[in-house]
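A quick write-up on the structure given underneath.
Rule-based calculations on the coordinates, nothing more; no lab input. Computed from a predicted model, the values in this text were never measured in an experiment. Here the Cβ positions follow ideal geometry from the backbone for every residue, glycine too, while neighbour counts run over all protein chains shown.
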Amino acid sequence: MYVTDSTGRAYRLPTAAEEARICAGIAADPDAVELTEAQLAELRPWSEMRSQIMKEKKEQLVGQLIE
């Protein structure tokens, strides 16, 4: 099965068997940690976080200039 993005590019989705192998590989990897529901709830999109980060950087730079 294929899905198409907004630019028209098509992506093949994995079959059920491929998906099972992918999930098994993830489960076997000690460095691959699944996020909890609480952790997922804390995630924010980059577009939302960018303005906050830029504001903090600006305040930091202004503070350095004043010193």
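On inspection, MET49 does not qualify as loosely packed, with under 10 Cβ neighbours inside 10 Å and not β-branched (Val, Ile, Thr).
Contact map, the stretch 1-17: residues that are on the phi < 0 side of the Ramachandran plot paired with residues that are acidic (Asp, Glu), Cβ distance under 8 Å, separation 6+ or inter-chain. Pairs shown: TYR11/ASP5.
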